[in-house]
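Here the structure comes first, spelled out in structure tokens, and everything after it is commentary.
The values are calculated or read from the model by the stated rules, or taken from the named source; none is laboratory data. Since the structure is predicted, the reported quantities are computational estimates derived from the model, not experimental observations. All Cβ positions, glycine included, derive from the backbone under ideal geometry; neighbour counts span all protein chains shown.
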Amino acid sequence: MLNNDRVYMLAADHRWQWEEWCDARQIPRERIGEAKRVAYNGFLLARDRSPNVREFGALLVDAQYASPVVADALEAGLDVGTPAEQAGAFPLGWSTDPFERALTGAFVKVLVRYRPDDEEAIRDGQWQKLDALQTWCRGAGKPLVVEILVARRSEAEDEFEAVGRPAMLAGFIREAYRRELTPQFWKIEGTLAREGARTIDRAIAANAACRQIILGKAAEIATIGRWFAAAADSPTASGFAIGRSVFWEPSAAFLSGAKTAEQAAADIAGNYLQLVDVWRQSRV
């Protein structure tokens, strides 16, 4: 099960991104499963090399393209989770029905896109879906990770990143608690502003059982390190759930024929371990 105090998650559940990439290059979508296997092998290499990954590492991968990977990870006793949402959907929709067809991992992640100025009917419908998912997860004994993405619209970028998005995230979390939605982890967009990080932290800390993990948005590792540093004094910040920053370039090179599967997996392991080191240094 996910460790409440520390999580180093390799998030490899991307679907529509790979579909667009493959379609643009006339690469069969069936090969997306190979990219998922390469990411899994990179995770295993990192686990072999690092006691921190063995203790706190987790893997997020989808059943759509990687059900054999999920099965292998479960058989190996790894912390592996699967996503509930239909890839790229807004409003929130499910990847399959009933839940047990897709949510075969040990924990569940759901991505929800949110703006407080969305239509009320959209917001209410998403809340109802999240409530239904939490009910199912509790019955199945599977921890829930809720990822929130807040898009910038007309706001000035710098102010939105420092103040606007953190305030909207905090508002969503407070409303979730009011509705008794209490995931084990909130998967949160990072900010470079310490006060913005504190705003998010205070909202999450209103429920002592909840923690946050920081997502990557395909950013460079140096930028992610600055997000980690901004959240360094946030007691609820327990780690990260990052994917494309770790696996995209090596996996794309593999699918393009520029790297072997072994080379790509080794590069993924190196990137992942670098992120673990950056997180640990931000906590010193």
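General observations
- Residue tally, condition over 19 Å from L133 (Cβ atoms) and surrounded by fewer than 24 Cβ atoms within 10 Å (Cβ to Cβ), over segment 169-190: 4
- Scanning segment 39-56 for residues that are crowded, with 24+ Cβ neighbours inside 10 Å, touching an Asp or Glu at 6+ places or on another chain (Cβ under 9 Å) and not aromatic (F, W, Y) yields a count of 1.
- Qualifying residue in segment 135-155 (condition: assigned to a helix (DSSP H, G or I), over 28 Å from P68 (Cβ atoms) and touching a residue at least 12 places away in the same chain (Cβ under 8 Å)): no
- Condition check for I213: buried (at least 24 other Cβ atoms within 10 Å of the Cβ) and in contact with a Ser or Thr (Cβ under 8 Å, 6 or more places away or on another chain): yes
- Residues considered: F107, F172. Of these, the only one that is within 22 Å of T191 (Cβ to Cβ), modelled with pLDDT of 95 or more and of a type in the set (F, W, Y) is F172.
- Count of residues meeting criterion [among the hydrophobic types (A, V, I, L, M, F, W, C), under 16 Å from the mean Cα position of the chain (by Cα) and not in a strand (DSSP E or B)] in segment 93-108: 2
- Selection from segment 137-166 of residues that are within 20 Å of the chain's Cα centre (by Cα), over 24 Å from R6 (Cα atoms) and not β-branched (V, I, T): A151, R152, E161, R165
- Restricting attention to segment 64-87, the residues that are part of a loop (DSSP other than H, G, I, E, B) and either free of Cβ contacts under 8 Å to residues at least 12 places away in the same chain or out of contact with any strand residue (DSSP E or B) (no Cβ under 7 Å at 6 or more places or on another chain) (or both) add up to 4.
- Residue-level check: of (1) among the aromatic types (F, W, Y); (2) free of Cβ contacts under 8 Å to residues at least 40 places away in the same chain; (3) in a helix (DSSP H, G or I), F90 misses just (3).
- Any hit, segment 266-273, residues being in contact with a strand residue (DSSP E or B) (Cβ under 6 Å, 6 or more places away or on another chain) and in a helix (DSSP H, G or I): yes
- Residues of segment 141-168 that turn out to be out of contact with any strand residue (DSSP E or B) (no Cβ under 8 Å at 6 or more places or on another chain) and either surrounded by 15 or more Cβ atoms within 10 Å (Cβ to Cβ) or of a type outside the set (D, E) (or both), as a count: 13
- Selection from segment 69-104 of residues that are of a type in the set (A, V, I, L, M, F, W, C), touching a Lys or Arg at 6+ places or on another chain (Cβ under 8 Å) and more than 25 Å from G57 (Cα to Cα): F90, L92, W94
- Members of segment 28-63 that are touching a strand residue (DSSP E or B) at 6+ places or on another chain (Cβ under 7 Å), outside any loop (DSSP other than H, G, I, E, B) and charged (D, E, K, R): K36, R47
- Segment 237-263 - residue that is touching a residue at least 40 places away in the same chain (Cβ under 8 Å) and of a type in the set (S, T, Y) and, of those, nearest to R211 (Cα to Cα): S238
- Filter result (assigned to a loop (DSSP other than H, G, I, E, B) and touching a strand residue (DSSP E or B) at 6+ places or on another chain (Cβ under 9 Å)) within segment 109-119: Y114
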